[in-house]
Amino acid sequence: MMNLFSGAFLALTASLTPRSGLKLLVALCAMSLLGCSPGDEVGQCKAAPQVPDRQVVIIGIDGLRTDAVSPALTPFLFQLAESQGLAWGRVDVSNGRTQQTYSAPGWISVLTSSWASAHGIVDNSSKGPIKVQTVFERLQSRKADSRSVLITSWRPLYDLVEGRLRALPEIRHAAFLRDDDAAIEHEVLTTWRACQPDLAFIHLDAVDQAGHNGSFDPSDPGYAAAVRATDSRIRRLWENAFASPSAQGALPHRLVVFVSDHGGTGNGHGHYSEAERWAPLLVISPSGHPAVNIRNLVDIGQASLDFIQ
């Protein structure tokens, strides 16, 4: 339903020339009256003076079940593994049925190399602060000129991490909150590709949303459609960013990790069923580098730091 403001705005713009109307729209966007802001962010991800020699990209696919990775639903990801001589693995995100299978504890376990018993984020209602250092802080302490970025559309994750990032040099470490996976793709193909961080965590949420709206089941039409769409999105990111030179023309040695935070059953998750606690994992090392061995969710952060070093 049209509100009073939108009606008045349309009446006003109808009387303007295209040029003056554009100026008005830009001004209103600047005042955030039309919701034109790209989203929240802390820190900056400006163009790097030089591309890092080694780079880690962690792609988190929220709510992706292990049995959803298949030639039918994820043709690109399935073929990507085969082209690298790899097979998809799986990790127990519940730490032997001791950590609830929710997104917040799962992703914070990835980003701190520790389980919820140490980092303190036990479910999606946990407000923090995170009790241990994140990989972004640890990277900064190891490499003074390092850069990192987190891009997500899920506010609880953004709120937890951005509080830790505020203590880091803002010109080199950033967290972006965007509207949805399409906006995240755009961010990666523009800002991220230009700034070339040492470490990037890219969180895609459409599959989880589809599971909650329908069922975490590859046979559910909505869930299957979201998995296929995410596979297509990752293909575009891979072809235009992760497997291509940077905006500066260089090609870093990239370690790319694909992982989920939980599966699901029915339209939910959080417990310890087999469908909930196992998540798919694929680790692609750059050509000429030994395979990176990751056996648990908490190994991802440490392996990332070790690779950068």
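Quick check on segment 96-114: of everything there that is over 15 Å from D299 (Cα atoms) and polar (S, T, N, Q), which residue is surrounded by the most Cβ atoms within 10 Å (Cβ to Cβ)? Filtering first and then ranking leaves T101.
The numbered conditions (1) acidic (D, E); (2) at pLDDT 95 or above; (3) under 20 Å from the mean Cα position of the chain (by Cα) are all true for D40 except (2). Residues in segment 75-97 that are in a loop (DSSP other than H, G, I, E, B) and touching a residue at least 40 places away in the same chain (Cβ under 8 Å): 7 in all. Looking only at segment 147-192, filter to residues that are of a type in the set (G, A, S) and surrounded by fewer than 21 Cβ atoms within 10 Å (Cβ to Cβ); which one of those is farthest from the chain's Cα centre (by Cα)? In this case the residue turns out to be A167. Of the residues making up segment 237-253, not a single one is surrounded by 15 or more Cβ atoms within 10 Å (Cβ to Cβ), among the charged types (D, E, K, R) and not in a loop (DSSP other than H, G, I, E, B).
Within segment 151-183, take every residue that is within 18 Å of N124 (Cα to Cα) and among the acidic types (D, E) and give me the one that is modelled with the highest pLDDT. Per the criteria, the residue is D159. Only one entry of R193, R228 meets the criterion of being closer than 25 Å to H173 by Cα and among the basic types (K, R), and that entry is R193.
Within the group L189, L160, L139, L165, which residue is touching a residue at least 40 places away in the same chain (Cβ under 8 Å) and closer than 19 Å to D261 by Cα?
Result of the check over L189, L160, L139, L165: L160.
Applying a threshold of 8 Å to beta carbon distances and a minimum spacing of six or more residues, or different chains, the list of pairs starting in segment 44-72 at a residue that is not assigned by TED's automatic domain parsing to the domain that holds V91 and ending at one that is among the basic types (K, R) and surrounded by fewer than 16 Cβ atoms within 10 Å (Cβ to Cβ) is empty.
Looking at S117, S126, can you tell me which residue is at pLDDT 95 or above, surrounded by 14 or more Cβ atoms within 10 Å (Cβ to Cβ) and assigned by TED's automatic domain parsing to the domain that holds G249?
S126
The values are calculated or read from the model by the stated rules, or taken from the named source; none is laboratory data. Everything quoted here is computed from the prediction, not taken from an experiment. We place every Cβ from the backbone using ideal geometry, glycine too, and count neighbours over all the protein chains shown.
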